[in-house]
Amino acid sequence: MSTYAPFARPLYVMTKPAGSLCNLACKYCYYLEKSHIYADEPARERFSMSDQTLENFIRQYIEAQTQPSVLFTWHGGEPLMRPLSFYERVLKLQRQYARGHVIENCLQTNGTMLTDEWCDFFRRNNWLIGISIDGPQELHDEYRRARGGQPSFYKVMRGIELLKKHGVEWNAMGVVNDYNADYPLEVYHFYKDIGCQYIQFAPIIERILSHSDGRHLASVADGTQGKLADFSVTPEQYGRFCCTIFDEWVRQDVGKVYVQLFDSTLARWMGLEPGVCSMAETCGHAAVIEHNGDVYSCDHFVFPEYRLGNINTDSITGMMYSQRQRNFGLAKRDSLPQQCRECEWLFACNGGCPKDRFQSHSLNYLCAGFRQFFSHVAPYMDFMKNELMNQRPPANIMEKLKE
């Protein structure tokens, strides 16, 4: 069992420059309702990061890094709800406080607000853009719609074409829900057909539970309370979804298409840190900053119980390396149920994301799906691990399977 060493790895703080403000109203979005937390803010300040808060964050964030490279992640809501001038100021402040660091920027967007001007800006400044798209039109438009109910697929595709036109590097993030989970190959083939080489899948699981401040989603602090939202993917669906896509990927696309789950699983087989925090032994090194400077333990824990402080009155290092945040990070490992501790796949899964541990004895809701996936991919991972250890490409597995 490894020890928790907070200074041994980079510190990340995802930024919400427009808070939960968004031009869409995706049915499964867990972030739109965060507006209730800031319902008492003056209208002129709501969902708008001030120049002073932005400067305080950029300065402190760079100063807090122990690595030469600094990654800024702009998220939402919809971060393009802030004007281009906001991000031009971001670059100016990053240059001002860089002090020799290499600065990188990535931005996650629904893609519907992209224009030639935005894409030219991203290309000139080497920003990586993540596009939220759940598959082909019927699957995407099931939940990802505008506030008036209008579908968003064609606007997203128009945004992707603009990114391609300007040569902007981009990847796709698909939310795996109760609907598209039944069409894994249609989803995977769609991503390949539109030229996407980097894919991230995010299973959606939420519980409905009304709170006095107007929120309707449950957090881990609510224990096992709440009814599962109807858009949530089931463990069995998620397991089949991942296994089905893996079977095609491992035979045709290793080294050509990069699926975060598969890459992170191979990293765990090699004894390395995964590229996704849900599979790490501990967490707590990736926080989120809201538009007003409030810092929370994690993007999935933006609840009053997990507020660490505010960038305008507290330091990033003080908040991120506080005993409270250390305890938050260690709880991922220390609160594992006995079933997890005795599981043969613990080294790969590490109990999954704490936000989904609302089953009895703190078991992850997706446990059955995880077990199905890891047992299915184990022989392939063993082979690819052996190839890497012998300095051969893991893509050799495709030739092996043809035999």
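The values are calculated or read from the model by the stated rules, or taken from the named source; none is laboratory data. Worth saying up front: this structure is predicted, and the values here are computed from it rather than measured. Using ideal geometry, Cβ is built from the backbone for each residue, glycine included, and neighbour counts are taken over all protein chains shown. These area figures cover heavy atoms from the full protein model, side chains too; ligands, DNA and RNA do not enter into them. Shrake-Rupley method; radii C 1.70, N 1.55, O 1.52, S 1.80 Å.
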Report the gain in length on full extension from S375 to R251: 0.36 nm times residue separation, minus Cα-Cα distance, nm rounded to one decimal. 42.9 nm
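Given a cut-off of under 8 Å on Cα pairs at least six residues apart, what relative contact order in percent is computed for the chain?
Details: 690 pairs, mean separation 67.3, N = 403.
Across the chain, relative contact order equals 17 percent.
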One quarter of the C-alpha convex hull surface, i.e. the mean projected area of the stretch 1-143 in nm², amounts to 11.5 nm²
Note down the accessible area of L80, probe 1.4 Å, to the nearest 10 Å². 10 Å²
Taking every DSSP bridge whose two residues both lie in the chain, the antiparallel percent to the nearest 5 is 30 percent
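Based on the mean of other Cβ atoms within 10 Å per residue, sort peptides 135-142, 316-323 so the most packed one is first.
On the way: 135-142: 19.1, 316-323: 17.5.
Top to bottom by mean Cβ count within 10 Å: 135-142, 316-323.
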Determine which lysines satisfy two conditions relative to K34: a Cα distance under 18 Å, and not lying fewer than 8 residues away in the same chain. K16, K355
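Relative to the Cα centre, what is the charge dipole magnitude of the stretch 228-300, using +1 at the beta carbon of each Lys and Arg, -1 at the beta carbon of each Asp and Glu, and rounding to the nearest 20 debye?
Values: 4 positive and 11 negative charges, 63 e Å.
Result for the stretch 228-300 is approximately 300 debye, rounded to the nearest 20.
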Debye sum, Cα scatterers, the stretch 39-84, no solvent: what log₁₀ I/I(0) at q = 0.16 1/Å? -0.60
log10 of Debye I(q)/I(0), alpha-carbon scatterers only, for the stretch 164-228 at 0.20, 0.28 Å⁻¹: -0.83, -1.19
Quick check: convex hull over the Cα atoms of the stretch 122-265, volume per residue in Å³, rounded to an integer? 158 Å³
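Which FRET efficiency value, to the nearest 0.05, is calculated for N327 and N125 with the Förster distance at 45 angstrom and r the Cβ-Cβ distance? Before the final figure, lay out each step's value.
Details: r = 38 Å, r/R0 = 0.84.
Once the sixth-power term is evaluated, E becomes 0.75.
Ignoring ligands, DNA and RNA, please state the percent of accessible area on the chain from carbon and sulfur, probe 1.4 Å. Provide the component values of the computation, followed by the final result.
Working: 8880 of 17640 Å².
Here carbon and sulfur together make up 50 percent of the probe-accessible area.
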The local net charge around E55, scoring Lys/Arg +1 and Asp/Glu -1 for residues other than E55 whose Cβ lies under 13 Å from its Cβ, equals +2
For q values of 0.18, 0.24, 0.26 Å⁻¹, compute log₁₀ I(q)/I(0) with the Debye formula on a Cα-only model of the stretch 263-356, without solvent. -0.82, -1.16, -1.27
Fluctuation leader among P354, P68, P235 - the chain, Gaussian network, Cα springs under 10 angstrom: P68
Just to confirm, what accessible area per residue do you get for the stretch 19-95 at 1.4 Å probe, in whole Å²? 42 Å²
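Full-extension gain between A25 and E88, please, as 0.36 nm times their residue separation minus the C-alpha to C-alpha distance. Can you show the working numbers first?
On the way: separation 63, 0.36 × 63 = 22.68 nm, distance 2.74 nm.
This chain segment gains 19.9 nm when fully extended.
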Sort out for me the Cα centre separation of the stretch 217-250 from the stretch 45-81, rounded to whole Å. 31 Å
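Report the full-extension gain for the segment S210 to D116: residue separation times 0.36 nm, less the Cα-Cα distance, to one decimal in nm.
Values: separation 94, 0.36 × 94 = 33.84 nm, distance 4.18 nm.
Computed gain between S210 and D116 is 29.7 nm.
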Shape call, the chain: gyration tensor on alpha carbons, a/c limit 1.5: rounded
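What does the charge count near C29 come to, summing +1 for each Lys or Arg and -1 for each Asp or Glu among other residues with Cβ under 14 Å from its Cβ?
With Lys, Arg at +1 and Asp, Glu at -1, the neighbours total +1.
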Averaged over every viewing direction, what's the projected area of the C-alpha convex hull for the stretch 347-394? Give it in nm², one decimal, please. 3.9 nm²
Accessible solvent surface per residue of the stretch 192-284, calculated while the other protein chains remain in place, 1.4 angstrom probe, Å²: 42 Å²
Take the Cα atoms of the stretch 274-317, build their convex hull, and give its volume per residue in Å³. 84 Å³
